[in-house]
1. Could you give every pair whose Cβ atoms fall below 6 Å, whose first residue belongs to segment 269-296 and is assigned by TED's automatic domain parsing to the domain that holds residue 203 and under 22 Å from residue 168 (Cβ atoms), and whose second residue is surrounded by fewer than 16 Cβ atoms within 10 Å (Cβ to Cβ) and modelled with pLDDT of 95 or more, counting only separations of at least 6 or pairs across chains?
2. Which members of segment 140-151 meet the condition of being assigned to a loop (DSSP other than H, G, I, E, B) and either touching a residue at least 60 places away in the same chain (Cβ under 8 Å) or buried (at least 18 other Cβ atoms within 10 Å of the Cβ) (or both)?
3. Out of the residues in segment 83-116 meeting the condition of being within 14 Å of the ligand (Cβ to nearest atom) and over 20 Å from the mean Cα position of the chain (by Cα), tell me which one is surrounded by the fewest Cβ atoms within 10 Å (Cβ to Cβ).
4. Residues to consider are 137, 110; find the one that is touching a strand residue (DSSP E or B) at 6+ places or on another chain (Cβ under 7 Å), in a helix (DSSP H, G or I) and not assigned by TED's automatic domain parsing to the domain that holds residue 240.
5. What number of residues within segment 117-134 satisfy the criterion of being in a strand (DSSP E or B) and either over 19 Å from residue 40 (Cα atoms) or more than 11 Å from the ligand (Cβ to nearest atom) (or both)?
6. Residue 78: assigned to a strand (DSSP E or B), closer than 20 Å to residue 347 by Cα and either in contact with a strand residue (DSSP E or B) (Cβ under 9 Å, 6 or more places away or on another chain) or modelled with pLDDT under 95 (or both), yes or no?
7. Any residue at all in segment 304-323 that's within 13 Å of the ligand (Cβ to nearest atom), not in a helix (DSSP H, G or I) and not assigned by TED's automatic domain parsing to the domain that holds residue 60?
8. Considering only segment 269-281, state which residues are in contact with a strand residue (DSSP E or B) (Cβ under 8 Å, 6 or more places away or on another chain) and away from the ligand (no atom under 15 Å from the Cβ).
Ligand code: NAD
């Protein structure tokens, strides 16, 4: 009973928002509810120093509201640093819709969600994330201009996932160059966990270059289709982390590098699309460093999508999108070299640069 908790001495352990472990001085957290459409969503606005908070909307069947809130807080924070390190004038935000995207997503629910986004007057700009399609963003666009990732037919830059995948591919190559001295992916053994929008496209780049790709997903139909299309192997074991591979590419959900998995990981390089791969950035980042496993910071290498949607706001073209995304290779290499030179984790190395950019802008804004 909530009244028992409220009256107990344990109240500090359950502070609903500001006391959450993943709360990191977020500027605003918005809870959206609509009885008629069944919408239950949380919009996290972490930081708007560099610009409006842009970040996708995820629809997921969360176990409970705590899990959803935690995701909104962690994901929106990640967006702040992603935009900062990529040099974009955007803040960090993210939204989660609680529910099963396959059975509970309706046009009415998406439009209602769009109205909530609109009510924030552009402080938060949405886009697609897990469980969302470009067509969903088109629905949101019908009620608010504060949405990106809309279809090319509607004047948008289209689905950002292939660009995200290209950036991740650049990150994988840079991390391999750092670890093995060459970015050649031919015959490199790569396990891709999650072969959704981004994962599949990554598989395509890797197989085109002759990598030996193994795929894993919770969706058996997708596994079968992707394996057939690219001629790759399906992972059949029961402990993917202990697979002896060159690269582990997490492209499903976050926090797969955690207390349970960290010492089992045999991959020499970790580089993938999933947001928030390290369950605990400091602890798990450090263990990876000590174990000599090269980790390409997720928020750095999965920035292709945000570069793509930012083009809708700034009006730059496909050529510029690809140029900026390709540059992820150079940035990743610099960050990894900097981490080695300064004996810090790759995550810390990336964060230091991102935080410095925000601090500098904050000073300028205050003038
Ligand atoms: P998606 O929903 O298209 O694909 C996710 C895939 O992961 C699905 O096929 C799902 O079945 C699978 N999956 C879920 N749980 C799994 C598990 N435990 N083990 C194995 N597979 C599992 O999503 P996406 O757009 O491809 O995004 C993938 C990841 O990349 C997400 O973490 C997302 O936040 C991140 N990301 C995506 C973009 C983008 O442009 N789409 C940009 C940046 C970051």
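The values are calculated or read from the model by the stated rules, or taken from the named source; none is laboratory data. Keep in mind it's a predicted model, so treat the numbers as computed, not measured. Here Cβ is always computed from backbone atoms with ideal geometry, including for glycine, and neighbour counts include all displayed protein chains.
1. Within 6 Å, the pairs are 279/258.
2. Scanning segment 140-151 gives 144, 146, 148, 149, 150.
3. Among them, the one singled out is 102.
4. On the way: 110 fails: touching a strand residue (DSSP E or B) at 6+ places or on another chain (Cβ under 7 Å).
After applying the criteria, what remains is 137.
5. Initial filter on segment 117-134 (in a strand (DSSP E or B)): 124-126, 128.
Narrowing the set further to residues that are either over 19 Å from residue 40 (Cα atoms) or more than 11 Å from the ligand (Cβ to nearest atom) (or both) leaves 124-126.
Final tally of qualifying residues: 3.
6. Taking the combined requirement at face value, the residue does not satisfy it.
7. no
8. Step one: list which residues in segment 269-281 are in contact with a strand residue (DSSP E or B) (Cβ under 8 Å, 6 or more places away or on another chain), which gives 269-274, 277-279.
If the condition is that a residue be in contact with a strand residue (DSSP E or B) (Cβ under 8 Å, 6 or more places away or on another chain) and away from the ligand (no atom under 15 Å from the Cβ), then 269 is the only one that fits.
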